Amino acid sequence: MTVLRYTAFTSDPAGGNPAGVVLDASRLTYAEMQAIAADVGYSESAFLTSGPGGRDGVIPVRYFSPRAEVPFCGHATVATAVALAERIGPGELVFSTQAGLVPVVVEESPDGLRATLTSVEPHVEEIDDISDVLEILDWHEDELDPELPPAIGYAGARHLIVSTSTRQRLADLNYDFDRLLAYMLQRDLTTLQLVWRESPTVFHVRDPFPVGGVVEDPATGAAAAAFGAYLRERRLVEPPVVLTLHQGDDLGRPSRIQVELRADDTRVRVSGNAVPITGRE
């Protein structure tokens, strides 16, 4: 068995969000996949449970954080698609995830191979009271952006979206890990998507991820898809539109995530490059 290490949403091995990738996990048990993910230590690792070929063109994939399995992971999807494309060539793939089927297209770009995933059907849920999570974050209500009210976005996993009116507030992130973990487990949340809006189509985001045993994710494709669905639902952007999300800058791992909303499709497309970190081990 070989564990590959790629980083997604960047063309620089020192940036982006690292992911472990196992292209043939057909003989691994649940416990073994969980142990490998914990040993790799990245926010998620992806496992192709029927090998790289899949069946009928559909490739089953499972995602594990160091602490638990998650239904869908965007950055590990991008990393896995690029790892496959390096071996079989660019083109179209379909991953079967616990959240549903996720088509992915890998293409050549000036910065190397670039993958675009299409989310499962997204939705947005209202949330009336976030006083508990604001206390855990040590944020205050008057620091929020009233034009981007809190909500829960879903595009394969559930993310609580909370927006601040200043970049400084976003940069100063110091939360109670255990309390946030308990809060998120009670509400079946995968991450918090903390947002500052730079312009109508450019956003800076941070994603605490205690559910996965990780303080913060450097680039979160699933949350980016959920956020795209949120912006469409709230009519804060008008499709067709392409958005840029900056993530990881405050961690020293800059990431750039492209989110595309189309007028004729409610699903969300998320794009980014990926590159090997250490090659094959």
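Some observations on this one:
- Residue within region 23-39 that is open to solvent by less than 10 Å² (accessible area, probe 1.4 Å), of a type outside the set (D, E, K, R), in contact with a Ser or Thr (Cβ under 8 Å, 6 or more places away or on another chain) and assigned to a strand (DSSP E or B) present: no
- Counted residues, region 215-235 - those being outside any loop (DSSP other than H, G, I, E, B) and farther than 15 Å from Ala76 by Cα: 10
- Taken together, the residues in region 111-141 that are open to solvent by less than 50 Å² (accessible area, probe 1.4 Å) and not small (Gly, Ala, Ser) amount to 14.
- Residues of region 40-80 that turn out to be part of a helix (DSSP H, G or I) and over 19 Å from Thr7 (Cβ atoms), as a count: 0
- Criterion: touching a residue at least 40 places away in the same chain (Cβ under 8 Å) and open to solvent by less than 60 Å² (accessible area, probe 1.4 Å) - qualifying residue of Leu101, Leu93, Leu84: Leu84
- In region 164-204, the residues that are among the polar types (S, T, N, Q) and either modelled with pLDDT under 95 or open to solvent by 30 Å² or more (accessible area, probe 1.4 Å) (or both): Ser165, Thr166, Gln168, Asn174, Gln186, Ser199, Thr201
- Any chance Leu144 is under 22 Å from Phe209 (Cα atoms), of a type outside the set (Lys, Arg) and open to solvent by less than 20 Å² (accessible area, probe 1.4 Å): no
- Residue match in region 71-90 (condition: over 19 Å from Leu23 (Cβ atoms) and either assigned by the TED database to the domain that holds Ala224 or out of contact with any helix residue (DSSP H, G or I) (no Cβ under 7 Å at 6 or more places or on another chain) (or both)): yes
- Positions within region 21-42 being touching a Phe, Trp or Tyr at 6+ places or on another chain (Cβ under 6 Å) and among the small types (Gly, Ala, Ser), in sequence order: Ala25, Ala37
- Criterion violated by Thr2 - all others in (1) modelled with pLDDT under 95; (2) buried (at least 24 other Cβ atoms within 10 Å of the Cβ); (3) among the β-branched types (Val, Ile, Thr) satisfied: (2)
- Flag for Glu44 being crowded, with 18+ Cβ neighbours inside 10 Å and of a type in the set (Asp, Glu): yes
- Residues of region 229-257 satisfying the condition of being in contact (Cβ under 8 Å) with a residue 60 or more places away in the chain, in contact with a Lys or Arg (Cβ under 8 Å, 6 or more places away or on another chain) and not charged (D, E, K, R): Gln247
- Considered as a group, the residues in region 205-221 that are over 23 Å from Asn273 (Cα atoms) and open to solvent by less than 20 Å² (accessible area, probe 1.4 Å) include one that is farthest from the chain's Cα centre (by Cα), and that residue is Pro210.
The values are calculated or read from the model by the stated rules, or taken from the named source; none is laboratory data. These numbers were taken from a predicted model, which means no experiment stands behind them. We place every Cβ from the backbone using ideal geometry, glycine too, and count neighbours over all the protein chains shown. Ligands, DNA and RNA are excluded from the accessible area calculation, which covers all protein heavy atoms including side chains. Shrake-Rupley method; radii C 1.70, N 1.55, O 1.52, S 1.80 Å.
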